1. Does the stretch 212-231 contain any residue that is under 19 Å from GLY350 (Cβ atoms), touching a helix residue (DSSP H, G or I) at 6+ places or on another chain (Cβ under 9 Å) and not hydroxyl-bearing (Ser, Thr, Tyr)?
2. For the stretch 237-262, give me each residue that is surrounded by fewer than 18 Cβ atoms within 10 Å (Cβ to Cβ) and touching a residue at least 40 places away in the same chain (Cβ under 8 Å).
3. With the checklist (1) surrounded by 16 or more Cβ atoms within 10 Å (Cβ to Cβ); (2) assigned to a loop (DSSP other than H, G, I, E, B); (3) among the small types (Gly, Ala, Ser) in hand, flag the one item ALA231 doesn't pass.
4. Among residues belonging to the stretch 302-353 that are in contact with a helix residue (DSSP H, G or I) (Cβ under 7 Å, 6 or more places away or on another chain) and under 17 Å from ARG78 (Cβ atoms), point out the one that is surrounded by the fewest Cβ atoms within 10 Å (Cβ to Cβ).
5. Farther than 30 Å from ASP303 by Cβ, acidic (Asp, Glu) and surrounded by 15 or more Cβ atoms within 10 Å (Cβ to Cβ) - does that describe any residue in the stretch 188-202?
6. Out of all the residues in the stretch 19-34, which are outside any helix (DSSP H, G or I), among the hydrophobic types (A, V, I, L, M, F, W, C) and touching a residue at least 40 places away in the same chain (Cβ under 8 Å)?
Amino acid sequence: MDEFLLARPDSVVRGSGVRVSFADPGAAVAARRGSAMAIVGALPFDPGQAAALWQPRELLHTAGSWRPAALPELPAVRVVAEIPSPAEHVARVTKLVEQLGDPANALRKVVAARSMVLEAESALDPEVLAGYLLARHPNAAVYAVDLFAAGRPGETLIGATPEVLVARHGDRVSLNPLAGTLPHLPDPADDAAQARELLSSTKNREEHAYVIDWIRERLAPVCADLHIPDAPELLSTEQVWHLATPIHGTLRDPSTTALDLALLLHPTPAVNGTPFADALDTITAGEPWRGFYGGAVGWCDSDGDGEWVVAIRGGELAADRRRLRASAGGGIVAASDPRAELAETTAKLGTLLGTLRCALPNDGPSPSHLLG
């Protein structure tokens, strides 16, 4: 397989065929500068791991929404493992909160994630699953990316993300970072109060501010006229409320491409934490391998334009097309409530599990060998 799909509400980008592939993003940047080639694919969460980037033989960009030709019924899917278990996730977050509350510790925020391993009765077609995700989440950016270039032939990264890492069109740069989350509530009055609580939450505003400060620091050298609002606004998805800050700027050097910008910004504190190195070390030491969860998916055309989204609200489909690992995380700061953080990850996992009509399991053992 060698397919790339990124379907946003107003546009669709598809890449097919392979001229040359890159596990090293630096090699992709160098090759692109030498020949002005287009690049599509995915970046892993950990910048030190192999990427899945390639030059497609064909890159098709069309306006309007995407709909697959047909949507046959999805097979039945069940959860076969939780890694870590809910109790273990709460215990880990509790320990992180203690660390973050220690003035002697440099760590200020870290994103803690957990996964559910799903198993389908028969093979899942990535394009069909992407179609169902789009039907259920029409305002999201739906992605499906083959991972062959990262040495994982037959595997697919798939999901429906609400977060734009960065977009570059001409000399204009835009992004909409998300950090700070509360689940939707079924009662409309309660849900409206939940939204107001999020907007005024000191804990969530602190979590969000770390992301904005990082982006400002990274973009200031490459962007003029950088516009960052003083306060975040609310963004609603089907499962949760987010704090969001729309950011715009103008490139100082028009040769800076969308791929350059994605590599400059990724991974932000929204999926990693702060300080950068301390958070990354804490995550890689304390969690199973994240792979492409929390990574980035996107494209860069021959003019340097492109869009990259944050690879959340999705999972990694195994080569057998029956095993799927779905992941979700939450930003932990000193004021975090471990039980609330567990609930946040559960709500975020609902994007994929709800689309697959897969019920959440009861607490139970989590055999790590099921990760594969």
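Every number here is computed from the coordinates shown, using simple stated rules; none is lab data. All values derive from a computational prediction rather than experimental measurement. Cβ atoms come from the backbone with ideal geometry, glycine included; neighbour counts cover every protein chain shown.
1. Of the residues in the stretch 212-231, the ones under 19 Å from GLY350 (Cβ atoms) are none.
Checked the stretch 212-231: no residue is under 19 Å from GLY350 (Cβ atoms), touching a helix residue (DSSP H, G or I) at 6+ places or on another chain (Cβ under 9 Å) and not hydroxyl-bearing (Ser, Thr, Tyr).
2. If we filter the stretch 237-262 for residues that are surrounded by fewer than 18 Cβ atoms within 10 Å (Cβ to Cβ), which is where we start, we get 246, 248, 250, 252-256.
Once the filter is applied, which keeps residues that are surrounded by fewer than 18 Cβ atoms within 10 Å (Cβ to Cβ) and touching a residue at least 40 places away in the same chain (Cβ under 8 Å), the stretch 237-262 yields PRO246, HIS248, THR250, PRO254, SER255, THR256.
3. The failed condition is (1).
4. Per the criteria, the residue is ARG325.
5. yes
6. Those that are outside any helix (DSSP H, G or I), among the hydrophobic types (A, V, I, L, M, F, W, C) and touching a residue at least 40 places away in the same chain (Cβ under 8 Å): PHE22, ALA23.
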